[in-house]
Structure formats: structure tokens, C-alpha cells
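All of the numbers you see were taken from the coordinates with simple rules; none came from a lab. Everything numeric in this text was worked out from a predicted model, so none of it was measured. Quick reminder, even Gly has a Cβ in these numbers, built from the backbone with ideal geometry, and neighbours come from all protein chains shown.
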């Protein structure tokens, strides 16, 4: 990405996340990447604007809310709280959080629509074709072929309705020219080639309104239509800087320096979005970076498979900076990656506990022991100090290049090569031996100063990735907090550590996860899977006779109380009345789709002759029945008319 113009705010965005999604490590990965860029550029003294938020309109949201007995805005409000809680726990430093249901967003959408309309690029017509509701994507018959949606594999719907169209075809040549003249526009190169191939096949005009549902922003010139959700959603990047509300601010912030997105929404950001902007006469973003997907223990992450990794659970289990480090260190940004608890524990122990943590502990310990807890003044350097200083300076300089490429993994590898060099320097200089002879005291002071200065560099280098860890390093070394206004070239110059500053020994940065705790973590993961996993759909279902079915006792029940199961993000403990005054205690994996308050009073179907089982230490005396939507939402089985508890279901 390089350095933006001096007066230009560095503007970085995540996609806005669907409010019927379950927040998972994929969301955390994108948002964390944006956070690292934002923190890095702030550290360099630049004005930064970091935006994230939620996408709250569309047919998918309306259907999902209806299935849960909620208004769409109620579903949105509930999910926004989940995302914001995760970003707070992950120490995300976003400057704004945009919601597409906000009045300011409606003003921005109306502003860009009118610009495009005035340019003559919107016209009325009728759309007839195929549409995937979960992906909110239009497809041609050729693209769908014999299967379902080319993106998610789910069934598509035939749609025929009046629509307004955007003349996207008019911008085909201009978009191709832009991509070819600006190879940095779409990254990595594989994504760029994908988009070039798509555009060269020819762009067709795009349907940008719907009439068969109403949860969306109305078309400004015709309120009987709602805008296509992607026209609405993409405009969020203009809303927050001030389109339609603050022209001066908008001029200072737009265009975005980098849109960070998952590869599944690349076409919307690299084809639809730039053509919208061209038609509106607005500058294009400098970079659209489509990163890869995460699998979990070799499987595609899916709510239906119950293998979605909860970032809050990870943070509670491993610590926030360990999570931040692992997600950006494990995978080359742009490539797909696999999440594994075994790999996580291995990297935490090796890189963070052994290498970085021990380096700080023994450096601070030696300064405490040999220099009365005060960083010494150095004396003459030897070749070892010169080599270490040059390595540290080279690592600091290299960070700009890595940030320009969003090469977070390479940046961290480079930083931890300095950690390795510092540990090697300790072994080569053997300060504990120098401390034995008075004649070696000057040399000892130089060695300990060099280590303290190396750790000061590491404090700066790790700050965007592990801000809490960086602050702890600074505290133990007695370094003042980073001053936002202080020029970066001053603090990143070798020799910034002042002799005479007092160190403060503290707890280990990253305690090792020993084998017994690692086993306990794996057992906990297995228990959660056993308690909450839903078997994947199978192509063939074994047939049973009526006698076997009649052995299952299905009864109506009324939920009289509900509460979360301790230490579980997915389980709720329900108290249900099953007839004749009898009450049962059930455990159900529905916490991510129902609040306890919303469940009380609901009529449900319960299997009453199921053997009791213990889930997360809580006994379940039966099972409540539920279905699952194509999007993975759990929906309780209920009735058109109220039934008293205890009625037979057959």
C-alpha cells in the first residue's frame, strides 16, 4: 500500500458483517488484520480511520428474523452486541462502527444513488433469473448449471419482478483498464487474475432493486422498491467518512486505502463497487485485499457442523494476545489456513513463552541481579553488538514493506528472527559468566544495555500485533508509555534506552501450557463437540417401521424457565412443563439463536422417554426438537395453535 499522502487520512475497512452470522475466527481474522494496519499507521504518526460494522438489511435477514419470531431490527440489535463484545475482548481499536440501519447511512445511500441516476446509469426494467438468498447473489442459468448456487451450493430461487438496473456494462472497459494500470488494486495476484478473467467475459447490467420483500432502504425515486442489499451495504464505506453529511471530512478520508475482505465477497468489492463509484464520479479505493478462508481441524467451518470456533472462548482459554499472534502468524495472509488447538498450543509455547517470554524474564532478571535493577550505561561495542544492532535496525525498516503488502505472517517471522537473535546473543556473550569477574563489568553493562535496547525495539515492533504484551514489556523495562505525537523516527532509532532507568520484574508474559493443561483443553473441546455437534446431512436416511417410531414419546411442553449453562456459549438449561404438573430439566444447544427471556412461555415438542444425559455437568431429562435453516439458524419446532402441555405429538 505504501505511504498515503501526508494530508490524507489512512483509511482501512473490514467488510460489514451479516447480522444473522455467528461471530467466528473468520470475522476475527479480518478485523484483527485491519486493527494491525490501523495500529501500525497510528504508531507511525499518521491520522487513521478504521471502520467496521454490520450489514442489517436484505431478504436473508428478514427471513431469519421471522423464523425466530423476531423483528429484523431485534435480530440486528442482538447480533451487534455479540460482535461488539468480541471486538472489545480482542482489543480492536476501530474508530467507528457502522450499522446500515442508521439514518446517516440512508443519507449516504440516497446521495450515491442520485449521483448514479443523474449520470443516466439507472433505468427501470424487469428481472427474471436465479437468486441465492443466503449469498444475496444473482446468477445466470449457465453459472448455476445442474447444481445449486456456485458459491454456497444451496438451492437458488427463480425470481421474476420489476426492478431498477445499473448500467454496469458501460464500465467494463474502464474497469479493465484500471485493474491493468494499477496492479496493486486487487491483491493478492491470484485474486486479481480471478477478477480479470470474470470481467473479460463481459459485464451485464445489474438488478439493484427488489419488490418481493421490504426489509431494506427504499429506492429514493420509487419507494415501492427496496435497494439490492449489496448496493446498500457497499455504500457503508462512504457513509462513515461523511458522504451526504460532512463534505470536508469526506474529502479528507476518502478514498479508502485498503478494503480487507474474505475471498468469497471479492466480486462485489472488485467489480460492483468500483463500477458504482465510477458512475458516481468518486475515486476508487487504493487496494482491495481478499484473504483466504479458515478450516477447523481440516474441516470447512460451518454452523451446521457445529465446528465454528468462538473467539471469546479462545481468548478466555489462551489469552487475547496469544489469539492475535496465532491468527496472523499461522497463515500467509491471502492463503487458506487450518485452525488446530494442537498447533495453537505449540506456537504459544515455542514462540511466545519460550522465545519472547524467556528473553524478557532473563534480561530483566540479570539487570535486577547484576545492576541493582537499573539499566546500565554501555561502554565500547564489539562486533557482536554491531551485528545485533544492524539486525534490529533492518527488522524495523522492513516492517513498512510488509505492511504495504499486508504480509502479516512475514512481518511476524521477521520480528521473531530478532527475538531469536537476541537469545543467541545472550548465549554468545554469557552475561552470567561476565558477572563473575570485576574486570568484565564494563562488558557486562554493554551486554545488558544491548539486550534492554533490543527489547525496546521488540516493544515497538510487537505493539500493532500484541498491544498488551508490548505494554508489559515496556513496563518491565521502565520505558514510558508511547507518546502519540512523538516522531516515529525518534523512537525507532537505536540508542533510545536511557541508562539509569529502573526495571520492574513482573509475571511471565506467556506461561507455558503444560501437557496436563493441554490435555484438559482437548477434552473440553471434545466435550463441547459431543454436547453440541449436529450430525451433517446424509444423502440416504435409513428407513424405520411405524413400531420403531411409536417407541419415541413426543409430547408438547411449555418452557417455564431458561438460563445459560455455565462455561458454555451454546447451551441453555430449560425447565419445561410436560403435562400433569410434571416439570423436566432439558439442555439445548440454542443459546446462539434464542435468548432465555424470549423462550419463556413458548410451546415446544419434547422427547420425554430419552435416557438422561449430562451436558457440561448439567443433567438433561429429554430433548427439545428443532430444525435448521439453510443459513444454519436453529428454529424450535412449534404449532400454529397453542396446545396444553402433555399433548401427544404424532
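State the volume of the convex hull built on the alpha-carbon positions of segment 256-405, expressed per residue in Å³ and rounded to an integer.
192
Can you sort 408, 268 by how many other beta carbons sit within 10 Å, fewest first?
On the way: 408 25, 268 19.
Placing the least packed residue first, the sequence is 268, 408.
Taking a ≥ b ≥ c as the square roots of the Cα gyration tensor eigenvalues, with a/c under 1.5 meaning rounded and otherwise prolate when a/b beats b/c, else oblate, which class fits segment 1-142? Don't jump to the answer; show the numbers that get you there.
Numbers: a/c = 2.04, a/b = 1.30, b/c = 1.57.
Here segment 1-142 falls in the oblate category.
Over 10 Å intervals from 0, what percent of Cα-Cα pairs in the chain sits in each interval?
Taking all Cα pairs of the chain, the binned fractions are 3, 14, 21, 22, 18, 13, 7, 3, 1, 0 percent.
Over the chain, what is the percentage of antiparallel beta bridges among all DSSP beta bridges, to the nearest 5? Could you put the intermediate results ahead of the total?
Numbers: 49 of 72 bridges.
Looking only at bridges with both residues in the chain, the antiparallel portion is about 70 percent.
Would you work out if segment 547-636 is rounded, prolate or oblate? Take a ≥ b ≥ c from the square roots of the eigenvalues of the alpha-carbon gyration tensor; rounded if a/c is under 1.5, else prolate when a/b is larger than b/c, oblate otherwise. Don't skip to the end; give the middle numbers.
On the way: a/c = 1.43, a/b = 1.26, b/c = 1.13.
Here segment 547-636 falls in the rounded category.
How much length, in nm to one decimal, is gained on full extension between residue 379 and residue 549, taken as 0.36 nm per residue of separation minus their Cα-Cα distance?
52.6 nm
Which angle from 0 to 90°, rounded to the nearest 10, does the C-alpha axis of helix 441-462 make with the longest principal axis of the chain?
20
Could you give P(r) for segment 341-491, binned at 10 Å from zero, as whole percent values over all Cα-Cα pairs?
Using 10 Å bins, I get a P(r) of 10, 39, 36, 13, 2 for segment 341-491.
For helix 103-118, what angle does its Cα long axis make with the longest principal axis of the chain, in degrees from 0 to 90 and rounded to 10?
80
As an exercise, use a Förster radius of 56 Å and the Cβ-Cβ distance of residue 641 and residue 222 to find the FRET efficiency, rounded to the nearest 0.05. Kindly include the intermediate steps, with their values, before the conclusion.
Details: r = 40 Å, r/R0 = 0.71.
In this case the efficiency is close to 0.90.
Using only helices, what value at 222 nm comes out for the chain when you add -39,500 (n - 2.57) per DSSP H run of length 4 or more and divide by the total residues, to the nearest 500 deg cm²/dmol?
Value at 222 nm, helices only, nearest 500: -12000 deg cm²/dmol.
Report, in degrees rounded to the nearest 10, the 0 to 90 angle that the Cα long axis of helix 408-429 makes with the longest principal axis of the chain.
30
What is the extension gain from residue 196 to residue 520, computed as 0.36 nm multiplied by their sequence separation minus the C-alpha to C-alpha distance, in nm to one decimal?
Numbers: separation 324, 0.36 × 324 = 116.64 nm, distance 4.89 nm.
Contour length minus Cα-Cα distance gives 111.7 nm.
What Kirkwood radius, in Å to one decimal, follows from the Cα pairs of segment 10-291?
For segment 10-291, the Kirkwood estimate is 19.3 Å.
At what distance in angstrom do the alpha carbon centres of segment 306-350 and segment 62-129 lie from each other?
Result: 30 Å between the Cα centres.
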